[in-house]
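Chemist: Have a look at the structure that comes next, please.
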Amino acid sequence: MDMTFKYSVLGMAIAGAIGLTGCGGGGGNDSDAAITPSSQVTSGTITGFGSVYVDGVEFDTARSSFSLDDGEDGPESEEELEVGMVVTVTGSVDPGGKTGRATHIEYDDELEGIVNANNVSDGIGTLVVMGQTVHVNANTEFENDEGIVGVDNALIDTPDRIEVGNIVEVSGYPDGKGSIYATFIELEDGEHSPGIEIEVKGLVIDDDETDMLFMLGDLTVDFSNAQLPDGLPAAGDYVEVESTAGYDTVGHLIASDVELEDDLDDIDGDEGDEVELNGIVTAMEPDVMIGLQKIIITDSTAFEHGSSDDMMVGAEIEVEGYLNADEVLVAEEIEFSTEFDHEM
């Protein structure tokens with residue numbers, strides 16, 4: 001029996017698309033020759049299937065390869081992808097911008113772990129998951145594939161009913177400082193069992209090599225017995241922490257593996273590349289950020305459906321611009337979403 005519950009039925013929380021468009025060619029104006037589709041990398045939420053729709057573009061996946069989350073419960077094939085998951089699609093997009101062909105699709109969650117607190121009411125609020133604050137709104141997709149019930153014997157079919165101790169997977173947009181703006185949440189288990197892997201990503205904000213501890217948001221990580229393929233973690237590193245043991249008696253997460261992540265540089269491109277980025281504003285100070293990508297707003301930046309006064313954390317925007325020498329996105333135009341209100 002399919003026990004999947006869609007909290008956001010339309011599943012149209014379009015956020016976080018990154019488009020790097022290369023050269024596109026075509027025949028003369030009077031020729032019927034096919035126009036060469038542009039090469040593009042798109043990172044955004046899945047908005048539908050029948051092929052895979054990402055940020056409103058229908059990608060043909062017939063010739064796609066996949067690099068999907070290889071955790072205990074993560075998707076292992078295209079059939080296990082879900083609306084709301086943030087994926088990166090490599091391929092080509094046709095000149096009209098509505099269809100394309102994917103050569104590679106990559107997915108990895110931002111967090112998979114134990115719920116510490118639930119402050120969600122009527123679909124809006126926050127969860128605390130392993131010390132990370134997960135922002136939830138009416139556009140966040142929610143699933144309970146396992147049909148897990150709560151202590152009141154009622155099925156957990158909305159984020160409001162998620163209970164402390166439950167195990168959830170979260171996909172969305174992190175700010176790197178302990179908050180994630182969730183586009184997808186899946187309830188995976190009623191409680192953590194030793195030996196089952198959980199994981200969390202974040203920016204190391206404090207480290208103590210003497211005691212082999214560091215902080216991710218409000219979470220203290222004990223890495224004294226962890227595998228460290230990239231060396232000792234240090235303040236400022238963006239890392240992924242895996243744990244099979246869970247918490248110790250004083251509330252520290254016992255890490256089994258700590259690896260450096262390259263997600264801090266969200267756009268992989270070269271100086272001068274034209275970029276279209278749709279996403280959620282995750283910081284305004286000291287820098288404007290979409291996810292983990294820094295945005296520079298200049299006096300010549302144009303605004304549509306709003307103004308610079310409307311820029312705030314939680315706003316959904318589309319940025320068109322280019323990468324400077326430091327791979328920072330310089331905004332030429334910012335358009336505010338008129339379809340969704342994130343209220344984060």
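The values are calculated or read from the model by the stated rules, or taken from the named source; none is laboratory data. As the structure is a computational prediction, the values presented were derived from the model and not from experiment. Glycine also receives a Cβ, built like all others from the backbone with ideal geometry; neighbour counts cover every protein chain displayed. Protein only, heavy atoms only, side chains kept; ligands, DNA and RNA dropped before computing areas. Shrake-Rupley method; radii C 1.70, N 1.55, O 1.52, S 1.80 Å.
Chemist: When you check Ile148 against the structure, is it touching a residue at least 40 places away in the same chain (Cβ under 8 Å) and among the hydrophobic types (A, V, I, L, M, F, W, C), yes or no?
Modeler: yes
Chemist: Sticking with this one: Hey, among the residues in segment 192-216 that are of a type in the set (Asp, Glu) and at pLDDT 85 or above, which one's least open to solvent (accessible area, probe 1.4 Å)?
Modeler: Glu199
Chemist: Return the residues of segment 217-229 that are open to solvent by 30 Å² or more (accessible area, probe 1.4 Å) and at pLDDT below 90; say none if nothing qualifies.
Modeler: Selection gives Asp218 alone.
Chemist: Considering only residues that are touching a residue at least 60 places away in the same chain (Cβ under 8 Å) and touching a Gly at 6+ places or on another chain (Cβ under 7 Å), which ones fall in segment 156-168?
Modeler: Of everything in segment 156-168, those that are touching a residue at least 60 places away in the same chain (Cβ under 8 Å) and touching a Gly at 6+ places or on another chain (Cβ under 7 Å) turn out to be Thr158, Pro159.
Chemist: Still on this structure, please answer the following. So if I check each of Thr103, Thr90, which one is crowded, with 16+ Cβ neighbours inside 10 Å and either modelled with pLDDT of 75 or more or charged (D, E, K, R) (or both)?
Modeler: So the residue among Thr103, Thr90 that is crowded, with 16+ Cβ neighbours inside 10 Å and either modelled with pLDDT of 75 or more or charged (D, E, K, R) (or both) is Thr90.
Chemist: Still on this structure: What is the one condition in (1) part of a strand (DSSP E or B); (2) open to solvent by 20 Å² or more (accessible area, probe 1.4 Å); (3) without any contact (Cβ under 8 Å) to a residue 60 or more places away in the chain that Glu276 does not satisfy?
Modeler: Among (1) part of a strand (DSSP E or B); (2) open to solvent by 20 Å² or more (accessible area, probe 1.4 Å); (3) without any contact (Cβ under 8 Å) to a residue 60 or more places away in the chain, the lone unmet condition for Glu276 is (3).
Chemist: Pick from segment 294-315 the residues that are open to solvent by less than 20 Å² (accessible area, probe 1.4 Å) and in contact with a strand residue (DSSP E or B) (Cβ under 6 Å, 6 or more places away or on another chain): which of them is nearest to Thr183 (Cα to Cα)?
Modeler: Ala315
Chemist: Got a number for residues in segment 63-87 being modelled with pLDDT of 80 or more and either assigned to a loop (DSSP other than H, G, I, E, B) or open to solvent by less than 10 Å² (accessible area, probe 1.4 Å) (or both)?
Modeler: 6
Chemist: Further, regarding this structure: Determine whether Val128 is open to solvent by 10 Å² or more (accessible area, probe 1.4 Å), part of a strand (DSSP E or B) and at pLDDT 90 or above.
Modeler: Considered against the rule, which asks whether it is open to solvent by 10 Å² or more (accessible area, probe 1.4 Å), part of a strand (DSSP E or B) and at pLDDT 90 or above, Val128 comes out as yes.
Chemist: I'm trying to understand the selection: among the residues of segment 134-182, which are within 23 Å of Leu277 (Cβ to Cβ), open to solvent by 10 Å² or more (accessible area, probe 1.4 Å) and of a type in the set (S, T, N, Q)?
Modeler: Answer for segment 134-182, where residues must be within 23 Å of Leu277 (Cβ to Cβ), open to solvent by 10 Å² or more (accessible area, probe 1.4 Å) and of a type in the set (S, T, N, Q): Asn139, Ser179.
Chemist: Another question, if that's okay. Here is a check on your reading of the model: is Thr249 of a type in the set (Ser, Thr, Tyr) and within 26 Å of Glu80 (Cα to Cα)?
Modeler: When the stated conditions are applied, Thr249 does not pass them.
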